[in-house]
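Written out below as structure tokens is the structure these notes cover.
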Amino acid sequence: MSKPVPVTRLDRSAFDLRREASRCNDGAVVRRLLAIALVLEGRPRTEAAEACGMDRQTLRDWVHHYNEEGLDGLANRRSPGRPAQLTPEQLAAFKALVEQGPDLARDGVVRWRCSDLQARLQSDFAVHYHERSVGKLLARLAFRKLSVRPFHPEQDPAAQATHKKTLPT
């Protein structure tokens, strides 16, 4: 059985921790403060943890954080998340590609779809994005889903004008 971790930071009393808990808006931090206050009052770690809805080991971990960092150590830490797949230079090149629009001869389409851009990301930058993630990437780059109506590259404006003149009224 492991020895309980003592609360070595004694600059605040159990009363002070309870007062801080009453001022705090984060429920998780409140529970941690109250559990540490119970430990400071001499309650067993298991009892203090159960009273505050956590496991004994979890309370031990939060006591370590409190001992090292004080009240700031009891806040949830944000995960750094997954690193970006595209460098800022690649992102700028991708944005320029989208702004330029597709080339029918090269890309085989007259307007970009997420699946087309997904393939270009794979071929140009060797990164794989899910089709839905391509849409999120476009939104992050301030592109909207609205686009001009595509036109057929072989359409003939003169033939259209002639056709309009021959329509019955």
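The values are calculated or read from the model by the stated rules, or taken from the named source; none is laboratory data. This structure is a prediction, so every number in the text was calculated from the model and none was measured. For neighbour counting, all protein chains shown are included, and Cβ atoms are generated from backbone atoms with ideal geometry for every residue, glycine included. These accessible areas exclude ligands, DNA and RNA; they are computed on the full protein's heavy atoms, side chains included. Shrake-Rupley method; radii C 1.70, N 1.55, O 1.52, S 1.80 Å.
Would you mind stating whether Glu154 is open to solvent by 100 Å² or more (accessible area, probe 1.4 Å), assigned to a loop (DSSP other than H, G, I, E, B) and over 30 Å from Ser13 (Cα atoms)?
Spelling it out, Glu154 is indeed open to solvent by 100 Å² or more (accessible area, probe 1.4 Å), assigned to a loop (DSSP other than H, G, I, E, B) and over 30 Å from Ser13 (Cα atoms).
How many residues does region 78-131 hold that are closer than 30 Å to Ala28 by Cα and of a type in the set (Asp, Glu)?
Final tally of qualifying residues: 0.
For region 96-106, which positions are open to solvent by 40 Å² or more (accessible area, probe 1.4 Å) and part of a helix (DSSP H, G or I)?
Result: Ala96, Glu99, Gln100, Leu104, Ala105, Arg106.
Taking interchain pairs and intrachain pairs at least six residues apart, which have beta carbon atoms under 7 angstrom, with the first residue in region 83-110 and in contact (Cβ under 8 Å) with a residue 12 or more places away in the chain and the second open to solvent by 60 Å² or more (accessible area, probe 1.4 Å) and among the charged types (D, E, K, R)?
Pro102/Arg111
Out of everything in region 107-118 that is part of a helix (DSSP H, G or I) and surrounded by 13 or more Cβ atoms within 10 Å (Cβ to Cβ), what residue ends up being modelled with the lowest pLDDT?
Asp107
Out of the residues in region 46-65 meeting the condition of being more than 30 Å from the chain's Cα centre (by Cα) and in contact (Cβ under 8 Å) with a residue 12 or more places away in the chain, tell me which one is most open to solvent (accessible area, probe 1.4 Å).
Ala51
Residues to consider are Pro88, Pro80; find the one that is open to solvent by 50 Å² or more (accessible area, probe 1.4 Å) and modelled with pLDDT of 90 or more.
Of the residues listed, the single one that is open to solvent by 50 Å² or more (accessible area, probe 1.4 Å) and modelled with pLDDT of 90 or more is Pro88.
Just need a number here: residues in region 102-141 that are touching a helix residue (DSSP H, G or I) at 6+ places or on another chain (Cβ under 9 Å) and on the phi > 0 side of the Ramachandran plot.
Result for region 102-141: 1.
When the residues of region 1-45 are filtered to those that are open to solvent by 80 Å² or more (accessible area, probe 1.4 Å) and of a type in the set (S, T, N, Q), which remaining residue is nearest to Asn67 (Cα to Cα)?
Per the stated criteria, the residue is Thr8.
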